[in-house]
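Since every read-out is calculated from the coordinates, none of them should be taken as a lab result. Please read all numbers here as calculations on a predicted model, not as lab measurements. No Cβ is skipped: glycine too gets one built from the backbone with ideal geometry, and neighbour counts run over all protein chains shown.
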Amino acid sequence: MMKLRVKSTIENVDLLTEFVNEQLEGMDCSTRAMTQIDIALDELFSNICNYAYGGKIGHVTVYVEELEDEGAVRITLEDEGIPFDPLSHEDPDISLGLKDRTIGGLGIFMVKRTMDDVSYEYKDGLNMLTVVKAL
Amino acid sequence: MEITKSQEGEKLVVLVSGRLNTGTAPQLDAELSTLVTQQDALVLDFSDLAYISSAGLRVILSTQKAMSRKKGSLVVRNCKPEILEVFEMTGFVDFLTIE
Amino acid sequence: MAPETVLQFALATMLPVVATIAFILLQRKTRFGGLGFWPQQIVIGIVFGSIAVFGTEFGINAYGATMNVRDAAPIVSGLLFGGPSGIIAGLIGGIERWFSVLWGRGEFTQVGCSLATVAVGFYAAALRKFMFDGKKPSWVMALAIGVVAEVLHLTLIFVTNMDAMKQAIMVVRACTMPMLLCNGLSVMLSVIAAMLLSGESLRNKVPEERAIAQTVQTSMFVAVLIAFIATSAFTFLLQSSLSSQQVDELLRINIDDIRTDIDQTADANLLAIARKAAERIGSVEAAKTMSLTELAHELGISEIDVVDNSGKIVVSTFSDFVGYDMGSGEQSREFLPLLDGTHTEYVQDFQPMSYDQSVLRKYAGVAIGDGFVQVSYNEQEFQAQIGSQIVGITSNRHVGESGSVIVCNAHGQVVSSLNNASSESLENTDLGAAVKANAPNTVFKSTYDGTPVFAMYNRTEAYLVIAIIPQAEAEFSRNTAVLVSSFMEILVFAALFAVIYYLIKRLVVDNIRRINATLGEITAGDLNASVDVRSNEEFASLSDDINETVAALKRAIAEAAARIDAELEYARTIQRSALPMVFQTYPPHYDYQIYASMDAAKEVGGDFYDLYLLDDDHLVFLIADVSGKGIPAAMFMMQAKTILKSLAEAGLEPDEVLTHANDELCANNEAEMFVTVWMGILDLRTGNVKFANAGHNPPAIAHAGGKFSFHVVRPNLVLAGMEGIPYKLHELTLQPGDTIFLYTDGVTEATDTNDELFGEDRLLLSLDARESQSVESICKGVHGDVDEFVGDAPQFDDITVLALKYVGRKDK
């Protein structure tokens, strides 16, 4: 499993994309899947940059793991920001308002549409958003 | 992302290459919002565009609307299949002129 | 030690280290690590056992014992790779050592060495299990472990050779340093190698990363080390002082013995001469007429003096002395008691005479009727008379075991010694110089015949008596005592250390771990976990406190949950009440039948449906799915439903409804959710359906008596995705008897326990089976099929269905 940790600023989306693409190329990923993964990463990463740290800059860690048995890749974005589940728009920490953390309706629509599995977990102070995509 | 402009008769062709994502969309937005006020016919050439995210789609939609208001024309051309797929998935094919 | 011996030892020391590295790499890089515990233990045990055997066979012989690093192999194996391997290695090394006497290995230490090697295998296994919890010890600890093992080994050699203590001590003294050093180093280097291979730092960890057990280990180690050094130093000092007292006493007694011998011999000789002289002279008066010179010659001396009652010399072989008053000198005054009858005989030591202090004489006097006779030896006479008796006086005298007494004459010539090497001179020897430099009757160090000795001297009658004892002999008992007591202390302290450490671990550390484990379960969400550590009062009370806290937390959570449940129940009721539950109008419409249901995965869902008549001829029916679930989704759903209805009732076509609803939802979409909608308006007169689709699943349609199929148009973007998107109007026509079925993806994406989707094919089959039935039966039937398919798998998504049958109008 490979990982990359970057600051949560929009400019780093290229760094992140290149890192992930590099891993994907090693996995014989189709161009189509790679494009879709890139889009999904953009949506999810920008969401974290805009909302996870309440206007401040924190860190985002991305994990890329090939699921060889399933011929798929699992990518997890992890941040230490405000607990928030962009999939259900439910806030695990009830004290925070909805508008503090959201993802664009279109963005999450595209992620949900293109990825094979999208799941969210809040654990040990970490927001973990995981997508699985067939290569 | 890189933006290259060239005149093709009446039309201004904007060649967008690289990635049109959250990071680069504001740059294209700034460029296009100026161009819509000056041009009546815009062509977005996506032959070298790797992908487009929702932030990019918003830019295209707002450009489309601005052009429609002034009765100008916006054409998107040379889309790769992956880009086309995004347009289809989001219903953009219904109102965009795609060549 | 000779260089090749050092090399041999260094090689042996490195063997366990090399084996350690080899096995760690084997475990990591090859399939050896996957062999399973016991096969691995046996292989490792055999290899380390072989190293122990190698140690025995290539060790170095000393005093009938074999010095080697046999013990390090079982210890390294047991400490680093697991108890069983250590025990196996120890047994192999120990048994081989037992039989190795058959081909010439030291027989003397056979029992001790064999036992020790077996014992250290168990020792390492026990340490790993009870002290280190199967982890590596630190390298300092490893060194200590190796050293303690060797001490145990050497102590066993003592214990098994009680009847030959002297040889045992020789063996142990010779072996102690090399064996402690090599085995200790070997174990330490192996542990360091293992640490480096696993990327651990050799430096001490910062305190916060150090476990209690480690801190206790380190502090206790330091304390025990200090205690050991202090008691060893005390024993050493005590034994040193005892042994120097013993040396002092021993030397003094011997000197006194010899001095007494010499004194008595000299006194007896001179007195005998004095008696003879007195007998021959008879009286003072008679003396005046005798030739004393002749008499003196006859008696072999040169001086005879006769003293009268007044204490004056009246006759003498030396005319100068005549008239000398014996009371005028200290030396001569001592003879006056012979005149008053209190003594009849008196002998003096050889000393300067009062008459002339530069001359040394030994005098003896015997009383005669009216005075006394005194005779003297001068130096030559003294030596001629008693010298022969002094020579050899000490030739059989042993001081301790190998010490001796040396007697020298006034010229420093040795006249008697243990080996009777007479006539040698002490001048220009260490001993001679030391005698000059030290006071009599004190112990001093010197060398004699090249051996370091303790010596003491005294003089008597012009003779010098020196007693010596080799330092080695004098210190032997002290060194033995210190060695044995140090060994015992090391063993006792090591045992004490182990016991205290084990107790602390068991009473504190293990309990803390147990509590932490339970706390971990609790923080992971298992509030039913309880802490139950009752081995001592402190932990029992801590356990109770934690349990009470968790119980209180549980109550608070239950209360909060109950409150949230109640709120969710309100929300659910509100949402339910927003969905139409009455499917027939009044007055009833016979030209269509409709039924719908929504089953939320959570208490409140994001799906909804709606149906209402715009007028007598137009029926609006729609189904929608909000992204997300729970209260936010339900709120969004209420908003969407209201907007859609108000726009539809304003007379807009479905595409216009969706276009405007989209803009409106985008404008107020702070949550930026989205919703898929399929919305149709059925003209009850013609069966014509105008519809628009915002990203929703296609409906399934069946003609009367026919099969269902999906009616697919390319959907537009979901509502609330992006402002300003236009939606497209589509049309389809229903024949009387046709059924249209709408559903959300909760139906097609319902999953069973095998993660298989219900899917569109199953949906069509389920629908086809009920085509002829009522819309209510169709809805309930499909729902039932989905439920059956899902089985025990949890329901993730809302399941919403809507069926509409167009009956048509008879008057048409």
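Worth pointing out:
- Structural size metrics of chain C, computed from C-alpha coordinates, are Rg and Dmax of 58.3, 201 Å.
- Taken about its Cα centre, the protein assembly as shown carries a charge dipole of about 1100 debye when Lys and Arg each add +1 at the Cβ and Asp and Glu each add -1 at the Cβ.
- Positive-end extreme of charge dipole, chain B - chosen from B:Q39, B:L84, B:A25 (charges on Cβ): B:Q39
- Helix C:110-126 axis, angle to chain C major axis (alpha carbon atoms, nearest 10°): 30 degrees
- Between the Cα long axis of helix C:37-57 and the first principal axis of chain C there is an angle of about 20°, rounded to the nearest 10.
- Rg/Rh for the range C:527-576 (Cα atoms only, Rh after Kirkwood) is 1.35.
- Amide H within-cut-off set for C:V713, under 5 Å, with H built and near neighbours excluded: none
- Gaussian network model of chain A, springs between alpha carbon atoms under 10 Å - residue of A:E78, A:E18, A:E43 with greatest fluctuation: A:E18
- Total charge dipole magnitude, the range C:579-806, about the Cα centre, Cβ charges on Lys, Arg, Asp, Glu only, Debye to nearest 20: 420 debye
- For C:I255, B:I52, C:I643, order by how many other beta-carbon atoms lie within 10 Å, fewest first: C:I643, C:I255, B:I52
- D (Stokes-Einstein, µm²/s), Kirkwood Cα radius, the range C:467-541, 1.002 mPa s at 20 °C: 128 µm²/s
- Tilt relative to chain C, helix C:510-523 - C-alpha long axis, 0 to 90 degrees, to 10: 10 degrees
- Net charge of neighbours whose Cβ lies under 13 Å from the Cβ of C:L732, counting Lys and Arg as +1 and Asp and Glu as -1: -2
- Rg followed by Dmax, in Å, when the range C:250-478 is reduced to its Cα trace: 20.6, 69
- Of the DSSP H helices in chain A, those with a Cα length along their own long axis of 15 Å or more and a mean Kyte-Doolittle hydropathy reaching 0.0 comprise A:13-25, A:31-47.
- GNM top mover of A:T17, A:T35, A:T114 - chain A, alpha-carbon springs below 10 Å: A:T35
- Think of the range C:527-576 as a dipole: +1 on every Lys or Arg Cβ, -1 on every Asp or Glu Cβ, centred on the Cα centre; then among C:S543, C:I574, C:I557, C:I574 lies furthest on the positive end.
- Along the axis of the charge dipole computed for the range C:3-203 (Cβ charges of +1 for Lys and Arg, -1 for Asp and Glu, origin at the Cα centre), the listed residues C:I44, C:N161, C:V69 are led at the positive end by C:I44.
- The slack between C:T573 and C:D163, meaning 0.36 nm per residue of separation minus the straight C-alpha distance, is 137.8 nm.
- The fraction of Cα-Cα pairs per 10 angstrom bin, counted from 0 for the protein assembly as shown, comes to 2, 8, 11, 11, 10, 8, 8, 8, 7, 6, 4, 4, 4, 3, 3, 2, 2, 1, 0, 0, 0 percent, rounded to whole percents.
- Among residues other than C:R506 with Cβ under 12 Å from its Cβ, the summed charge is +1 (Lys and Arg +1, Asp and Glu -1).
- Listed by chain and number, the lysines placed with their C-alpha closer than 17 angstrom to that of C:K276 are C:K362; residues fewer than eight positions away on the same chain are left out.
- Chain A, helix-only ellipticity at 222 nm - DSSP H runs n ≥ 4, -39,500 (n - 2.57), divided by all residues, nearest 500: -9500 deg cm²/dmol
- Extension gain, C:V18 to C:A566, is 190.3 nm, computed as 0.36 nm per intervening residue step minus the present C-alpha separation.
- Choice from B:A41, B:A30, B:A50 with maximal GNM fluctuation in chain B (Cα, 10 Å cutoff): B:A30
- Here r is the Cβ-Cβ distance between C:R280 and C:D349 and R0 is 25 Å; the resulting FRET efficiency, rounded to 0.05, is 0.50.
- Normalising the average separation of contacting C-alpha pairs (under 8 angstrom, six or more residues apart) by the number of residues puts the relative contact order of chain C at 7 percent.
- Theoretical ellipticity at 222 nm over chain C - DSSP helices of four or more residues, -39500 (n - 2.57) apiece, nearest 500: -17000 deg cm²/dmol
- Each principal axis of the Cα atoms in chain A has its own extent, and those three values, largest first, are 44, 27, 25 angstrom.
- Whole-number D in µm²/s for the range B:2-98 (Stokes-Einstein; Kirkwood sum over Cα pairs; 37 °C, 0.692 mPa s): 250 µm²/s
- Over all other residues within a Cβ to Cβ distance under 10 Å of A:M128, the charged ones net out to -3, with Lys and Arg as +1 and Asp and Glu as -1.
- Convex hull volume per residue for the range C:21-125, taking Cα atoms only, in Å³: 80 Å³
- Modelled label positions at C:Q357 and C:L102, each set 7 Å beyond Cα in the direction of Cβ, lie 8.5 nm from each other.
- Given +1 at the Cβ of Lys and Arg, -1 at the Cβ of Asp and Glu and no other charges, the dipole of chain C around its Cα centre is 1480 debye to the nearest 20.
- You can think of it this way: the chain between C:K436 and C:E401 has 10.0 nm of extra reach, that is 0.36 nm per residue less the Cα-Cα gap.
- Take the Cα of C:T265, step 7 Å toward its Cβ, do the same at C:T549, and the gap between the two points is 9.4 nm.
- Separation in nanometres of the label points that stand 7 Å from Cα toward Cβ, at A:E22 and B:Q7: 4.4 nm
- Volume per residue for the range C:557-618 equals 91 cubic angstrom (convex hull of Cα atoms).
- Efficiency of FRET from Cβ geometry, A:E80 and C:L542, R₀ 45 Å, rounded to 0.05: 0.90
- If R0 is 25 Å, the Cβ-Cβ spacing of B:R77 and A:T31 corresponds to a FRET efficiency of close to 0.80.
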